[in-house]
Each structure stands twice: as C-alpha cells, then as structure tokens.
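Step one of this worksheet: look at the structure below.
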Amino acid sequence: MTNRRQPPRWWAELLILGIVYAAYSGGRLLARGDVGLAVDHGLAILRMEELLALDLERPLNRLFTGQAALGIPADFVYASLHYLVTPAVLVWLYRRRPQQYRFARTWLMLSTLLGLVGFALVPTCPPRLLDASYGFTDTMAHYSAYGWWGGEASAPRGLGSFTNQFAAMPSLHVGWALWCGVALWCCARRPLVRALGAAYPAVTTVVVMGTANHYFLDAVAGAAVMGAGYLAARALPAGIARVTGATGATGATGATGATGATGAGLPSFGGSSRSAAPVPHTTRTAGFRGKSTIVSGGWETSAGELLPVQRSAAADPAAVPRADGAAGGMADRAGRAGTAGRAADDSPESPEDAAATAR
C-alpha cells in the first residue's frame, strides 16, 4: 500500500500564514527607521546605479508619467496583484499540488521574514519620496483619482499612516512575484499558465521601477532574498522539515524526505536536487495486512484481491522471484530435471540396464 502523506489542515495553514503575515506587517511598521538615514540609503543606491549604468528608474518613470495608458494600469498592478496573485497561487498549490505546497509555503514564509530583516537593517527611501530635483514623479499620487489608493504608497486613501514608507529595500513585490512565477512554472501543466508565471516577475520589476516605488537594486535584492529563503527552507533540520514538508513530498512509491517532490509527473519543486536511489527489489511486498501479493504459477488468484487464496511466500518457493527474474522453485526443479536428462544421455549404460534401473 502506498504510504501517502495526509494533506495539511486548512485551518492550521491559515493560522500559520496569518501569524507570519501579522508579524511581518507589525515588524514592518516598527522598522520605520530615521528619515535622514533612509534618504541617505536611497541616494547611495541611486549613485551606485548611476556608476554602473543601471539607473533604469528615471526613463521608465518619465514614460509612465507622460503616458497615462501605461501609468494607470501600472498603478493598478502595483496596488493590487501583490495582494491577489500570491494568495491565489498558495490556494491553488494547496488544492491542486499538495505535494509541492508544503515546501512552497515554507519558502515563502522564510523569505518574507528575511525581507523584514532587510527593512529593519536598511531603511531606504524610495525614488518617489526623494526631492523633485532628482527627477522622479510619484505616479500613485499623480493618478490617484483613477484608483482607490492615495498619495501614500499603495495603501487605500486614509490608511497611508499604517504603512512603512521606507521599506524599499528589498522589494518584496518583486520577491513574491518571483515566488509565484517559479511555482507556476514548476507546477502548472498548461503552457499558457507557465508563460504567465514566467512573465509575472518581469512585469512586476518594470512596474515597481516605472511607478518610482523601487530602485532596480531593490528588485535585485528581492530576488536575492527569495533565493536565500529557498536555501534556508532546504536546509531546515530534519525534525522541522518533517513538520513543514520543506524537504520534499511523498511520491508514487511513498518515500518521503530529501529526495524531492515529483508527484504527477511534474518537475521537481523543492527538496534535494540529487536523484533518488533506486528501490531495491524485495521478495515480499506490502499487501493487505502484510500478506504477500506474489502470485505463483498455476493458482487462480490475483494480487489485486482483498484476501488472496494462496500459499505464503515462505511456504511456496516458486512464489519467490530470484534476482535474475526467474521463478525460483520452478526454475530449480526444471534445472534439476534437465541435469538428470543430460546425465542419462551421457551414461554408458545399455538401454536394458537403464530400463532395469528405472523399474
């Protein structure tokens, strides 16, 4: 019988995710940082990008500000998809890909907590809050009449004070989008869904820069945080990994652990990249109440019956397959008969003596 892992309880998953998100939101508010320090960090990032010719924010922001057909949809993407797509992918994994869900959930939670550490250690002013002399326009405020957001980040009107304005480094908009993209690419079967998963983090990166909410290096840091969270999820101690399911899921053979999750013929998602060792052939398989499911020749039985009427493998040597694939007892008897026949052919006895011996 296949030892299938029980699906996680939905109420326990909601509780875990709720606790982590509450800790993330509360910690993000507490990690506001000094305004002067946040501005200094933002300008340092901008100068580094200018030195490396990576300051893509300015041309994108000018384009989104001048073209409402680009700026307004980008603001809607920034203000909504972050909070819609990620939960939707989590629910989809839970319902349709439970083998991959456990690791994906653990990966997302650890990466989010690592992002919170970044907010606390490196408070960063986003481009939209820099002085106007630096050439950035807050498109969320510029197009606020078209959406539910106000002039303060992506929060609804009147709730801007409940957000951390200096949580630009790393960009979890990009990090969560990357998580969604990897999950859809690895676990979805339809090419269109996989293509959308691959495009989602790229579109999000362009949006966060064009709306002047993040620097390009913020996006790079968001991807790095997700990579660190992925490695941390794989490196969990064995005891915690069994609880969280972070080292893989039960496959078709019922083997659980660090060999990865490849259920339903999908690509591996989580767990070790090493391939599983082949399962050695055994002479007895787990059947109903531990009975052998081996069926020997000549018996009107089937391995799929609930209570097979057959001899046990220990009592029936013919039912025990040898390593070379031949039926042990029957092949041995056939071999002995063949040896006796060859001995009779090679014997120097006369036909009369052989007949007398037979009698």
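The values are calculated or read from the model by the stated rules, or taken from the named source; none is laboratory data. Since this is a predicted model, take the numbers as computed values, not measurements. Cβ coordinates were reconstructed from backbone atoms using ideal geometry, including for glycine residues, and neighbour counts include every protein chain displayed. With ligands, DNA and RNA removed, areas are computed over all heavy atoms of the protein, side chains included. Shrake-Rupley method; radii C 1.70, N 1.55, O 1.52, S 1.80 Å.
Largest first, how would ARG102, ARG189, ARG194, ARG95 line up by accessible area (1.4 Å probe)?
Result, largest first: ARG95, ARG189, ARG194, ARG102.
Mind grabbing the accessible area of THR205 for me, 1.4 Å probe, Å², rounded to tens?
Approximately 30 Å² of THR205 is accessible to the 1.4 Å probe.
Keeping every protein chain in place, order MET109, MET140 by accessible area at 1.4 Å, biggest value first, i.e. largest first.
Sorted by accessible area, descending: MET109, MET140.
Compute the signed sum of charges (Lys and Arg +1, Asp and Glu -1) over the other residues within less than 15 Å, Cβ to Cβ, of LEU108.
Within the 15 Å Cβ shell, the charges total +3.
Residue separation times 0.36 nm, minus the C-alpha to C-alpha distance between VAL117 and VAL35: what's the value?
27.7 nm
Let me check something: with ligands and nucleic acids excluded, how do ILE45, ILE19 order by accessible area (1.4 Å probe), largest to smallest?
ILE19, ILE45
Just add up the charged neighbours of TRP185: K/R +1, D/E -1, any other residue whose Cβ is under 13 Å from the Cβ of TRP185.
+4
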